[in-house]
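Presented below is the structure to which this report refers.
The values are calculated or read from the model by the stated rules, or taken from the named source; none is laboratory data. Model, not experiment: these values are computed from the prediction. For neighbour counting, all protein chains shown are included, and Cβ atoms are generated from backbone atoms with ideal geometry for every residue, glycine included. Areas reflect the complete protein model, heavy atoms only, side chains present, ligands, DNA and RNA absent. Shrake-Rupley method; radii C 1.70, N 1.55, O 1.52, S 1.80 Å.
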Amino acid sequence: MKKTAKKSPTTKLTKAAAAKPATKKPAPAVRKPAPRPAFTTVTAQIDVGFGNTLHIRGEGGGLNWEAGVAMTCTADDAWAVKLPAGPAPVTFKFLLNDLIWCGGENYVVAPGAKVTVAPMF
């Protein structure tokens, strides 16, 4: 009688695993959403009187100290402006008719934030 050697199951697995190289499936591509434009919104809570306008000057968000940016009247006693948000905070002051500076210290707002202030003239 011939004796046949029995192969162990682990031997078969090892040989089968060795015969087929391990293949990895590529990771699914992750699509990042397009970045939304971020704005810094400044609102002034003040009634400047009929016929007057409110302007803003400063640095950051496209502002400069030499020429004011006209703000939009959103209510009888509210003026607002949206500025592009950059990496640095926005420092600003308000001007009545782009001629008369508001009192007090400069205002500072973080980029991308919304702020409402009540300037005094």
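For this structure, a couple of remarks:
- Yes/no for ASN106 being surrounded by fewer than 16 Cβ atoms within 10 Å (Cβ to Cβ), polar (S, T, N, Q), out of contact with any strand residue (DSSP E or B) (no Cβ under 6 Å at 6 or more places or on another chain) and farther than 10 Å from THR41 by Cα: no
Results for (1) open to solvent by 30 Å² or more (accessible area, probe 1.4 Å); (2) closer than 19 Å to ASN106 by Cβ, shown as yes or no for each residue.
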position	(1), (2)
ALA38	yes, no
THR41	no, yes
VAL48	no, no
THR53	yes, no
ILE56	no, yes
LEU63	no, yes
THR72	yes, no
ASP76	yes, no
ALA85	yes, yes
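- Scanning segment 28-48 for residues that are of a type in the set (Gly, Ala, Ser) and either in contact with a strand residue (DSSP E or B) (Cβ under 7 Å, 6 or more places away or on another chain) or modelled with pLDDT of 95 or more (or both) yields a total of 1.
- Pairs linking a residue in segment 93-121 that is under 14 Å from GLY49 (Cβ atoms) and in contact (Cβ under 8 Å) with a residue 40 or more places away in the chain to a residue that is open to solvent by 80 Å² or more (accessible area, probe 1.4 Å) and part of a loop (DSSP other than H, G, I, E, B), with Cβ atoms under 8 Å and 6 or more positions apart or on different chains, are LEU96/PHE121.
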